[in-house]
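Chemist: What follows is a structure written as structure tokens; I'll ask about it next.
The values are calculated or read from the model by the stated rules, or taken from the named source; none is laboratory data. From a predicted model like this one, the values you see are computed outputs, not experimental measurements. Note that each Cβ is placed from the backbone with ideal geometry, even for glycine, and that neighbours are counted across all protein chains shown.
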Amino acid sequence: MKFPNPHDFKTIPGTEGWERMYPYQYQFVTDDPERKEYEEKAFWFYDGLHYPEAIYPFDTIWDEAWYLGLSQYNNRIFQVPPVRGVDHRVINGYIYISPVPVLDGAEIGSRVPNFMERAGFYYKNWNELEAKWEVKMKALIKQIEDLPISRLPDLEDISVVTEGLGESKGYHLIKTYDDLINMGIQCWQYHFEFLNLGYAAYVFFLDFVQKLFPSAPLQRVTQMVAGIDVIMYRSDDELKKLAKKAIELGVDGAFTFNKEWDGIQAELKTTAKGQEWLAALEVARYPWFHVSTGTGWSHADKSWNDDLNIPMSGIATYIDHLKKGLEIERPMEKVRAERDRIIEEYRSLINTEEERKTFDDLLNTAKTVFPYVENHLFYVEHWFHTVFWKKMREVSAIMVEHKMINDVEDIWYLRRDEIKQALWDMVTAWATGVKPRGIKVWPKEIDWRKGVMQKFQEWSPPPAIGTAPDVIQEPFTIVLWGVTNSSISDWAEVTDNADPDSITTLKGFAGSPGIVEGKARVCRTADDIRLLQDGEILVAPTTSPSWAPAFAKIKAAITDVGGVMSHAAIVCREYGLPAVVGTGHGTKIIKTGMMLHVDGSSGVITIQR
Amino acid sequence: MNTVTNTIERVSNPRTGRMSALSPVTGLPMVCWLEECRKESVDLVGGKCSSLGELINAGVRVPPGFALTTEGYRRFMADAGIDREVQSMLVGLDIQDMEALENTSSAIRELIEAQPFSTEIEDLVAESYRKLSVRSCVPAVQVAVRSSATAEDLPGASFAGQQDTYLWVRGTDEVLYNMRRCISSLYTGRAIAYRINQGFGEELIAISVGVQKMANSFTAGVMFTLHPTNGDRSVIVIDSNYGFGESVVSGEVTPDNFVVNKITLDIIERTISQKDIYYTVDTKTQESRKIEVPFERQKVQSLVDDEITELAWMGKQIEKHYGRPMDIEWAVDKDLPFGGNIFILQARPETVWSQKQQAVAKAGVSAMDYILSSMLEGKRLK
């Protein structure tokens, strides 16, 4: 397959100079022959999994954080023998990544003992280390939650004088911003502490089973580690509890007659029972409503705590189901019994004792690592990120107040180092009593960047560029992005099709088995979940734990992004709903109301036109 | 219903002596019902019939039938002195001489086909055929008459397809005649040459003949309880076409192909082919014949999903019973409603993959070693 040369991309007219919106090392360059040659020979694929749209300059923080985190653990901490880190570039706002192989056989060999010692230590002491991780992570989240972000006063409080504090709010603002950024990076240091090894154990278990049984669908293999308690479901469980409580207290009418949180709250406040329910909500929402409505990677991903309408519609759905006498609990016993049956049957088909031994050992390892692989998402991408975005908006509000930018949401158009510059400008001007230079610089630059981002969003990034290698050894690349020749060519096929209105079949990963037909409902954000009707087929960019209530209504799920381990696939398997995930373009091609035939066993969607 | 059960019971217990089915010489039965056969009965009823008996006893739905045993065959060959005559005709035969081989073969076959059975055997067959018709609720049931060789399906010495099958046979005389044709099929030029080459002594060769109710199949085909292309034991692979299984077995048509997960019975792959011909029975001649599939049905799935699942479930039970991967022929009867219309016609051990020990790379190692070696190996992209 032929992929474009990374240096052949033409700048989109009107975006000249876009490179300054991103870190300079993210550019493909031609002025350094050695770097240019490296870039041409490497294989770069578009990270649509994390960035379904062009990335905002500020949001690059998480890209840089995982660029560092993943690479350092692979290469400098555990020394995965055949691969170093994962390199990053940007083209027209889209992130491309490239695993960096170790080419010298002798060097690979010399890395093996380190890997065995270090990774071996983690696998062996997984549970104790994971417990330590949780303590560290919770402490960090506490720290960011407690971080005060103060406005700049005209006159500092008298206590600065009487208590001899010796520091101003101006200095605090600059320092707090640094703290915020540093905590974010630190959080992502922790994020990868277990993830590389966790994925490796999980992936190679799947790989082993598929070597034994080449036709075993990945979705069935992943069922072998289903039914393990993970906190991913906890937020949804809280909604169910609150739904039950509303019925117990006899205040469920408030959810039937009001569609908006404001109305619900107003009605509940009028009665003692209602207030009791509101108190229960306050307990549940911290931290369990810190779930992002997206992946958590983008500043645009709101959490339930940011918009209570989303969890309230979930509660309303559960109240409705309970009153109709429907079961709302996940069928965990059934899931576990089915898991055990599947394991036993596959196991009994293994030909030799040796193979069975390896199978058992790999399965146990996969079960050990599984909770982390799921749970870290709640701590990092959901809880921490939700708090982080909120704090950043507080910083932004202060900048708006000083006219450095026009709107709170404008801050995302700036790189994090530009924000620091701007804060220095703003704070020194505040201290001095003059106007900051930035008020004439940033709003103009942001206006221009908005135009650039618009053009970037309209551009379609090719799935891959550079030179495809024969072999990929980086565990994340294999699992998370499912990079294979066929997956890339499947994506390319749809991209190349000129008229999206003529497409009748769409392929993705077989996420959860079963075949259904029904009407499509395209939900671009979690807000749209409220429009879902019973029995519709959900079509979404991706789903996250905060989408959980949607699964109580739908017949099947289709997502643009994600593999068989993605949220939508896992939840559908547990609820017994078909799912096709990672279609690449589902939300662009499918329109609400279209009749779809979804085959979750083969990963094929047919649009009846 | 009672009489049928009684009949089976009586016959299935030869020691009651109510039927004179036993050979006065050896005390072995000359004719027996398929349900009396087990996998240990190969010497008596050959591979096919013993396997069918085993299936019936495992609870698998198989069209009912009976068998002329190898004892019956020996009595037939001995009673009229055919065996000695055949031996003498084979003496000094040069199997390299194609003409001599074919001439000898024809002579032997004519000899066998022209020789009537003894009255005793004729009566036993006639009585069994009558009872089979009663069980099938028709005056004279249409049956398949097929040879069931004792050496068949031996690993490494597959005789499969070297003996004949006669379909849509109706009436006692026709049954008897076709039984002899099956016996004579032991003496095709190819079979004679093969045995001489392999050093099988003629006195060791015996054949049984099965007589089984025809399944009036709407759809038929084959099923493997492992993936024939990669040996994957977690799937069941089904090939199907309209009509009788002949078109699928012979490879005259590209059948529909279904891959079913053995553990969960999901259909994980389906390939619907263009099926231009199929075999059905000619109602006038009572013969199977090849006809064209109507154009509008050529690209239609020949088995419905529920039938695929049911069939795969049966395949799974059969494999479980035998404890090894199996190669199965099946049919969906068009006269019966779903739930009782799928029949297993044959099941034999799969031989290709079972003889290969599939070695999965680096098995027997710890998880850590496997993870490391897999990382080093990487994933091939091209």
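Chemist: Pick from the range A:206-234 the residues that are β-branched (Val, Ile, Thr) and under 17 Å from B:Ile268 (Cβ atoms): which of them is surrounded by the most Cβ atoms within 10 Å (Cβ to Cβ)? Spell out how you get there, then give the answer.
Modeler: Filtering the range A:206-234 for residues β-branched (Val, Ile, Thr) gives A:209, A:221-222, A:225, A:228, A:230-231.
Now narrow it down to the ones that are under 17 Å from B:Ile268 (Cβ atoms): A:209, A:221-222.
Values: A:Val209: 25, A:Val221: 21, A:Thr222: 23.
By that ranking, first place goes to A:Val209.
Chemist: Where residues in the range B:209-246 are among the hydroxyl-bearing types (Ser, Thr, Tyr) and at pLDDT 90 or above, which of them is surrounded by the fewest Cβ atoms within 10 Å (Cβ to Cβ)?
Modeler: Taking the range B:209-246 as the starting set, the residues that turn out to be among the hydroxyl-bearing types (Ser, Thr, Tyr) are B:217, B:219, B:225, B:229, B:234, B:240, B:242.
This time we only want the ones that are at pLDDT 90 or above, so: B:219, B:225, B:234, B:240, B:242.
Values: B:Thr219: 27, B:Thr225: 27, B:Ser234: 25, B:Ser240: 27, B:Tyr242: 29.
Applying the filter and picking the extreme gives B:Ser234.
Chemist: Now, a different point. Counting only residues that are more than 12 Å from every other protein chain (Cβ to nearest Cβ), surrounded by fewer than 12 Cβ atoms within 10 Å (Cβ to Cβ) and either in contact with a Leu (Cβ under 7 Å, 6 or more places away or on another chain) or outside any loop (DSSP other than H, G, I, E, B) (or both), how many does the range A:95-106 have?
Modeler: In the first step, residues of the range A:95-106 are kept if they are more than 12 Å from every other protein chain (Cβ to nearest Cβ); the result is A:95-98, A:100, A:103-104, A:106.
Restricting the remaining residues to those that are surrounded by fewer than 12 Cβ atoms within 10 Å (Cβ to Cβ) gives A:103-104, A:106.
Subsequent filtering for residues that are either in contact with a Leu (Cβ under 7 Å, 6 or more places away or on another chain) or outside any loop (DSSP other than H, G, I, E, B) (or both) retains A:106.
Here the count works out to 1.
Chemist: If you scan the range B:113-153, which residues turn out to be over 11 Å from B:Leu68 (Cα atoms), buried (at least 22 other Cβ atoms within 10 Å of the Cβ) and β-branched (Val, Ile, Thr)?
Modeler: Those that are over 11 Å from B:Leu68 (Cα atoms), buried (at least 22 other Cβ atoms within 10 Å of the Cβ) and β-branched (Val, Ile, Thr): B:Val141, B:Val143.
Chemist: Going by what's in this entry, would A:Gly253 be described as modelled with pLDDT of 90 or more, farther than 25 Å from A:Gly511 by Cα, of a type in the set (Gly, Ala, Ser) and touching a helix residue (DSSP H, G or I) at 6+ places or on another chain (Cβ under 7 Å)? I'd like the intermediate steps shown before the answer.
Modeler: Details: modelled with pLDDT of 90 or more: yes; farther than 25 Å from A:Gly511 by Cα: yes; of a type in the set (Gly, Ala, Ser): yes; touching a helix residue (DSSP H, G or I) at 6+ places or on another chain (Cβ under 7 Å): no.
Spelling it out, it is not the case that A:Gly253 is modelled with pLDDT of 90 or more, farther than 25 Å from A:Gly511 by Cα, of a type in the set (Gly, Ala, Ser) and touching a helix residue (DSSP H, G or I) at 6+ places or on another chain (Cβ under 7 Å).
Chemist: Among the residues of the range B:350-360, is there at least one that is away from every other protein chain (no Cβ under 14 Å) and of a type outside the set (D, E, K, R)?
Modeler: Step one: of the range B:350-360, the residues away from every other protein chain (no Cβ under 14 Å) are B:351-352.
Retained after the next criterion (residues that are of a type outside the set (D, E, K, R)): B:351-352.
Within the range B:350-360, one or more residues are away from every other protein chain (no Cβ under 14 Å) and of a type outside the set (D, E, K, R).
Chemist: For the list (1) surrounded by fewer than 18 Cβ atoms within 10 Å (Cβ to Cβ); (2) at pLDDT 95 or above, I need the number of the one condition that A:Ile181 fails.
Modeler: All conditions pass for A:Ile181, except number (1).
Chemist: Now, a different point. Output the residues belonging to the range B:279-312 that are within 14 Å of chain A (Cβ to nearest Cβ) and free of Cβ contacts under 8 Å to residues at least 40 places away in the same chain.
Modeler: Looking only at the range B:279-312, we keep the residues that are within 14 Å of chain A (Cβ to nearest Cβ), and these are B:301, B:304-306, B:308-309, B:312.
Within the range B:279-312, B:Val304, B:Asp305, B:Asp306 meet the criteria.
Chemist: Hey, could you check the range A:317-339 for residues that are surrounded by 13 or more Cβ atoms within 10 Å (Cβ to Cβ) and among the charged types (D, E, K, R) and say which is nearest to the other protein chains (Cβ to nearest Cβ)? Walk me through it before giving the result.
Modeler: Restricting attention to the range A:317-339, the residues satisfying the condition of being surrounded by 13 or more Cβ atoms within 10 Å (Cβ to Cβ) are A:317-322, A:328, A:330-332, A:335-336, A:338-339.
Then keep just the ones that are among the charged types (D, E, K, R); that gives A:320, A:330, A:336, A:338-339.
Details: A:Asp320: 32, A:Arg330: 19, A:Arg336: 16, A:Glu338: 9, A:Arg339: 11 Å.
Selected residue: A:Glu338.
Every residue, every condition in (1) touching an Asp or Glu at 6+ places or on another chain (Cβ under 6 Å); (2) closer than 27 Å to A:Gly296 by Cα; (3) more than 9 Å from every other protein chain (Cβ to nearest Cβ); (4) modelled with pLDDT of 85 or more, yes or no:
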| position | (1), (2), (3), (4) |
| --- | --- |
| A:Phe192 | no, yes, yes, yes |
| A:Phe204 | no, no, no, yes |
| A:Lys211 | no, no, no, yes |
| A:Pro214 | yes, no, no, yes |
| A:Arg220 | no, no, no, no |
| A:Asp229 | no, yes, yes, no |
| A:Met232 | yes, yes, yes, no |
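Chemist: Moving to a separate point now. Check whether at least one residue in the range A:68-81 is over 24 Å from A:Thr559 (Cβ atoms), buried (at least 19 other Cβ atoms within 10 Å of the Cβ) and touching a strand residue (DSSP E or B) at 6+ places or on another chain (Cβ under 7 Å), and report yes or no. Before you say what the answer is, go through the steps one by one.
Modeler: Start the filter on the range A:68-81 by keeping residues that are over 24 Å from A:Thr559 (Cβ atoms), which leaves A:68-69, A:71-81.
So of that shortlist, the ones also buried (at least 19 other Cβ atoms within 10 Å of the Cβ) come out as A:69, A:71, A:73-74, A:78-81.
Among the residues that remain, those that are also touching a strand residue (DSSP E or B) at 6+ places or on another chain (Cβ under 7 Å) are: A:71, A:74.
Yes, some residue in the range A:68-81 is over 24 Å from A:Thr559 (Cβ atoms), buried (at least 19 other Cβ atoms within 10 Å of the Cβ) and touching a strand residue (DSSP E or B) at 6+ places or on another chain (Cβ under 7 Å).
Chemist: Something else now. Among the candidates A:Asn196, A:Asn92, single out the residue that is under 31 Å from the mean Cα position of the chain (by Cα), within 30 Å of A:His7 (Cα to Cα) and surrounded by 16 or more Cβ atoms within 10 Å (Cβ to Cβ). Walk me through it before giving the result.
Modeler: On the way: A:Asn196 fails: within 30 Å of A:His7 (Cα to Cα).
Residue meeting the stated conditions: A:Asn92.
Quick grid of which residues meet (1) part of a helix (DSSP H, G or I); (2) under 19 Å from the mean Cα position of the chain (by Cα); (3) assigned by TED's automatic domain parsing to the domain that holds B:Pro255:
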| site | (1), (2), (3) |
| --- | --- |
| B:Thr280 | no, yes, yes |
| B:Ile308 | yes, no, yes |
| B:Ile318 | yes, yes, yes |
| B:Ile344 | no, yes, yes |
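Chemist: Any residue at all in the range B:214-230 that is more than 13 Å from chain A (Cβ to nearest Cβ) and more than 20 Å from the chain's Cα centre (by Cα)?
Modeler: no
Chemist: Taking the criterion of being closer than 30 Å to A:Ile350 by Cα, surrounded by fewer than 22 Cβ atoms within 10 Å (Cβ to Cβ), in contact (Cβ under 8 Å) with a residue 60 or more places away in the chain and out of contact with any helix residue (DSSP H, G or I) (no Cβ under 7 Å at 6 or more places or on another chain), would at least one residue in the range B:260-278 satisfy it?
Modeler: Checked the range B:260-278: no residue is closer than 30 Å to A:Ile350 by Cα, surrounded by fewer than 22 Cβ atoms within 10 Å (Cβ to Cβ), in contact (Cβ under 8 Å) with a residue 60 or more places away in the chain and out of contact with any helix residue (DSSP H, G or I) (no Cβ under 7 Å at 6 or more places or on another chain).
Chemist: Taking A:Arg118, is it of a type in the set (Lys, Arg), part of a helix (DSSP H, G or I) and crowded, with 17+ Cβ neighbours inside 10 Å?
Modeler: Working: of a type in the set (Lys, Arg): yes; part of a helix (DSSP H, G or I): yes; crowded, with 17+ Cβ neighbours inside 10 Å: no.
Answer is no for this residue.
Residue-wise test of (1) more than 14 Å from chain B (Cβ to nearest Cβ); (2) surrounded by fewer than 20 Cβ atoms within 10 Å (Cβ to Cβ).
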{"position": "A:Glu353", "(1), (2)": "no, yes"}
{"position": "A:Asp360", "(1), (2)": "no, yes"}
{"position": "A:Val369", "(1), (2)": "no, no"}
{"position": "A:Asn375", "(1), (2)": "yes, no"}
{"position": "A:Arg393", "(1), (2)": "yes, yes"}
{"position": "A:Glu401", "(1), (2)": "yes, yes"}
{"position": "A:Glu409", "(1), (2)": "yes, yes"}
{"position": "A:Tyr413", "(1), (2)": "yes, no"}
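Chemist: On the basis of being assigned to a strand (DSSP E or B), within 14 Å of another protein chain (Cβ to nearest Cβ), out of contact with any Gly (no Cβ under 9 Å at 6 or more places or on another chain) and under 22 Å from A:Gly466 (Cβ atoms), does A:Arg89 make the cut? Don't jump to the end; show me each part of the working.
Modeler: On the way: assigned to a strand (DSSP E or B): yes; within 14 Å of another protein chain (Cβ to nearest Cβ): no; out of contact with any Gly (no Cβ under 9 Å at 6 or more places or on another chain): yes; under 22 Å from A:Gly466 (Cβ atoms): yes.
For A:Arg89, the condition - assigned to a strand (DSSP E or B), within 14 Å of another protein chain (Cβ to nearest Cβ), out of contact with any Gly (no Cβ under 9 Å at 6 or more places or on another chain) and under 22 Å from A:Gly466 (Cβ atoms) - is not met.
Chemist: If only one of A:Lys455, A:Lys440, A:Lys420 is within 30 Å of A:Leu155 (Cβ to Cβ), touching a residue at least 40 places away in the same chain (Cβ under 8 Å) and among the basic types (Lys, Arg), which one is it?
Modeler: Working: A:Lys455 fails: within 30 Å of A:Leu155 (Cβ to Cβ); A:Lys440 fails: touching a residue at least 40 places away in the same chain (Cβ under 8 Å).
Exactly one residue qualifies, and that residue is A:Lys420.
Chemist: Okay, next question. Of all residues in the range A:552-609, how many are assigned to a loop (DSSP other than H, G, I, E, B) and either out of contact with any Phe, Trp or Tyr (no Cβ under 6 Å at 6 or more places or on another chain) or at pLDDT 90 or above (or both)? Before the answer, list the steps.
Modeler: Applying the first criterion (assigned to a loop (DSSP other than H, G, I, E, B)) to the range A:552-609 yields A:553-555, A:560-566, A:576-578, A:582-585, A:590-594, A:600-603, A:609.
Restricting the remaining residues to those that are either out of contact with any Phe, Trp or Tyr (no Cβ under 6 Å at 6 or more places or on another chain) or at pLDDT 90 or above (or both) gives A:553-555, A:560-562, A:565-566, A:576-578, A:583, A:585, A:590-594, A:600-602, A:609.
Residues flagged as assigned to a loop (DSSP other than H, G, I, E, B) and either out of contact with any Phe, Trp or Tyr (no Cβ under 6 Å at 6 or more places or on another chain) or at pLDDT 90 or above (or both) within the range A:552-609 amount to 22.
Chemist: Then there's this: Counting just the residues of the range A:529-546 that are in contact with a Cys (Cβ under 8 Å, 6 or more places away or on another chain) and not β-branched (Val, Ile, Thr), which one comes out surrounded by the fewest Cβ atoms within 10 Å (Cβ to Cβ)?
Modeler: A:Leu531
Chemist: Filter the range A:547-560 down to the residues that are under 19 Å from A:Leu49 (Cβ atoms) and crowded, with 24+ Cβ neighbours inside 10 Å and list them by number.
Modeler: First pass over the range A:547-560, keeping only residues under 19 Å from A:Leu49 (Cβ atoms): A:547, A:557-560.
The answer is A:Trp547, A:Ala557, A:Ile558, A:Thr559.
Chemist: Suppose we filter the range A:241-293 for residues that are free of Cβ contacts under 8 Å to residues at least 60 places away in the same chain and in a helix (DSSP H, G or I); how many remain?
Modeler: Residues meeting the conditions: 31.
Chemist: Filtering the range B:77-90 down to residues that are farther than 20 Å from B:Ala191 by Cα and hydrophobic (A, V, I, L, M, F, W, C), which residue is surrounded by the most Cβ atoms within 10 Å (Cβ to Cβ)? Even if it seems obvious, please write down each step before you answer.
Modeler: Restricting attention to the range B:77-90, the residues satisfying the condition of being farther than 20 Å from B:Ala191 by Cα are B:78-81.
With hydrophobic (A, V, I, L, M, F, W, C) added as a condition, the list becomes B:78, B:80.
On the way: B:Ala78: 13, B:Ala80: 16.
By that ranking, first place goes to B:Ala80.
Chemist: A follow-up question, please. Output the residues belonging to the range A:1-18 that are touching a helix residue (DSSP H, G or I) at 6+ places or on another chain (Cβ under 8 Å) and under 24 Å from A:Thr467 (Cβ atoms). I'd like the intermediate steps shown before the answer.
Modeler: Taking the range A:1-18 first, the residues touching a helix residue (DSSP H, G or I) at 6+ places or on another chain (Cβ under 8 Å) are A:1, A:5-7, A:11-12, A:14-15, A:18.
Correct list: A:Met1, A:Asn5, A:Pro6, A:His7, A:Thr11.
Chemist: Test A:Ala431 against the criterion of being more than 14 Å from chain B (Cβ to nearest Cβ) and part of a helix (DSSP H, G or I), and give yes or no. Explain how you work it out, then say what you get.
Modeler: Working: more than 14 Å from chain B (Cβ to nearest Cβ): yes; part of a helix (DSSP H, G or I): yes.
Spelling it out, A:Ala431 is indeed more than 14 Å from chain B (Cβ to nearest Cβ) and part of a helix (DSSP H, G or I).
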